[in-house]
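The next block holds one structure in the form of structure tokens; read it before the comments.
Quick note: the coordinates plus some simple rules give every number you see, no bench work behind them. Since this is a predicted model, take the numbers as computed values, not measurements. Here Cβ is always computed from backbone atoms with ideal geometry, including for glycine, and neighbour counts include all displayed protein chains.
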Amino acid sequence: MHHFEYGSNGSMSAEGVDLERIAEAVGTPTYVYSEATIRRHFAVYDEAFSGHPHLICYAVKANTNASILRILAEMGAGADIVSEGELFRALRAGIPADRIVFSGVGKTAREMAVALDAGILAFNVESEPELHLLAEVARERRRTAHVSLRVNPDVDAKTHPYISTGLRESKFGIPIGDARRIAAMAKDMASLDVVGVDCHIGSQLTSLAPIMEALDSVLALVDALAVDGHHIREIDLGGGLGIPYDAKKANPPLPRELGAGVIERFRGRSERIILEPGRVIVGNAGVLLTRVLFVKQTPDRTFVVVDAAMNDLMRPALYQAHHEILPIRRVRQVGGVARPVEVSVASADAPAAESARAVESVGLHESLEPRDPQDLQEPKDPQDLQEPKDPQDPQDPQDPQDPQELLHVVDVVGPICESSDAFARQRALPKVEPGDLLGIMSAGAYGFSMASTYNSRPRAAEVLVRGEAFHVIRDRESLEALVASESFAPWLNEGGAA
Ligand SMILES: Cc1ncc(COP(=O)(O)O)c(C=O)c1O
């Protein structure tokens, strides 16, 4: 579940903080994260594997903010890193080195040296040349590198091709058929100790079957390695569990379903399970707050132009990913009276009706666990948000229960000079006006961490909410910061004009 809900004033809050308040104080676009949601997701995931020794190495790439890493460090998480930069961030946030695994298909000698000196738990080695380089770097530094062989089990994860990593044609991992030969090679290298086998078949997985298929192949390999005289202590299943992005689609499996399936396979086994979840921990813990700049009407379409863009959240442009887009305020002041958001142009298509239900019930957007009665209040019945109708008022809205009446079919686009800069196409949304705030939901994972400054747009601010408090955990990038590491070549004229 998450903690973004409409309050009795008709405005969406993150935990106890009204998102409008954050937008006023910090501006837009801004990422807002709920600490309670992150803590809950980590706890639920951890609990799912509690029946077997395990370590959760949060995939830092999903969201790298220092405060978020600190929360996870406090909860006992390790880290799955893919660069020296992520190692630096993880250690700085207080994640102990001996809980850090280093993934990635292209580690440099320098990165290996830094990680070895830090004393990380294991290198997830993805190729034979990488193994040789690691052995050499470890030898030079008179250290032993712990190696977990990342194998490619040739399993179709049935996710978007760009986030599918377990097929034989993918760049990731050692073909599983080569793993015994490469492990034998590693055994002869004194500076290496093969301690584990690792796989990660992809991200946003919506079915458990491919993970289980991969696990079965990995377990068979581990048994074969035991016969070959290896002592495998750790089995790393990577991350990948999907989250509900789209209220119209079936929810992905819950962590406890994944945990139950995995633990069943580990019955009678002594290896520790390592997991590398990213999205499932932080994805639904973040919202990208954006303000409507213009509503642009063309003969064919209505474009809602917002102040966030693909440089802030590139998932829709990169993967055609779906994010729910919700109005932050469901009630607008009309002549001093609170009204539900505009009721006008109807759209007759079925997806519009579905979308209306999503809009009306942000609670549909939940993940992970059935709602705990102790948690924040249930989403309000839409009728609770309406003022009594005034029969004298010709502008009095029609029945807002009728989803057909709530919606306009629009494209929600950003200001960047690329046609791919769209957050939604032909999406049914409640009517919006310039100045309105929208929440692009489920933006906590691969949102800010993939942001760029394309079009020289300073990167968005990030805010963390805990209960009634909020804090800017990353300032909006300044124009000075945008150019801070650039310099004028000395042969260029001062002042520009030749
Ligand atoms: C090696 C590895 N582990 C873990 C993850 C995290 O995946 P997810 O965020 O889907 O859990 C990734 C994502 O790309 C990855 O490449």
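Table for the structure above
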{"quantity": "Of every Cα-Cα pair in the stretch 94-150, the percent that sits beyond 14 Å", "calculated": "46"}
{"quantity": "32 Å Cα-Cα threshold exceeded, pairs from Lys61/Lys248; Lys249/Lys431; Lys171/Lys296; Lys107/Lys248", "calculated": "Lys171/Lys296; Lys107/Lys248"}
{"quantity": "Segment Ala97-Ser50, extension gain: residue separation times 0.36 nm, minus the distance between their alpha carbons", "calculated": "14.7 nm"}
{"quantity": "Inter-probe distance in nm under a simple model that places probes 7 Å from Cα toward Cβ, at Asp223 and Ser452", "calculated": "4.7"}
{"quantity": "Hz values of 3J(HN,Hα) by residue in the stretch 208-216 - Karplus curve (6.51, -1.76, 1.60), Gly and Pro given as x", "calculated": "7, 4, x, 5, 5, 4, 5, 4, 4"}
{"quantity": "Sites Ser8 and Glu433 - FRET efficiency at Förster radius 25 Å, r taken between beta-carbons, to 0.05", "calculated": "0.60"}
{"quantity": "Whole-Hz couplings from phi, Karplus 6.51/-1.76/1.60, listed for the stretch 33-42; x for Gly and Pro", "calculated": "10, 9, 5, 4, 5, 4, 4, 5, 4, 4"}
{"quantity": "J(HN,Hα) series, the stretch 177-186, from Karplus relation 6.51 cos²θ - 1.76 cosθ + 1.60, nearest Hz, glycine and proline x", "calculated": "x, 8, 5, 5, 5, 6, 5, 5, 4, 5"}
{"quantity": "Unit charges on C-beta of K, R, D, E only; dipole of the stretch 254-313, Debye", "calculated": "200"}
{"quantity": "Mean shadow area of the stretch 1-140, taken as a quarter of the surface of its Cα convex hull (nm²)", "calculated": "10.8"}
{"quantity": "Antiparallel %, DSSP beta bridges [both residues in the stretch 35-282], to 5", "calculated": "5"}
{"quantity": "Built amide H within the under 5 Å cut-off of Phe470, gap 5+", "calculated": "none"}
{"quantity": "Extension reserve of the Lys187-Ser478 stretch, reckoned as 0.36 nm per residue once the Cα distance is removed", "calculated": "99.6 nm"}
{"quantity": "Gain on full stretching of the segment that runs from Lys171 to Ala66 - 0.36 nm per residue minus C-alpha separation", "calculated": "34.8 nm"}
{"quantity": "Tensor-based shape of the stretch 35-282 (alpha-carbon gyration tensor, a/c under 1.5 rounded, otherwise prolate or oblate)", "calculated": "oblate"}
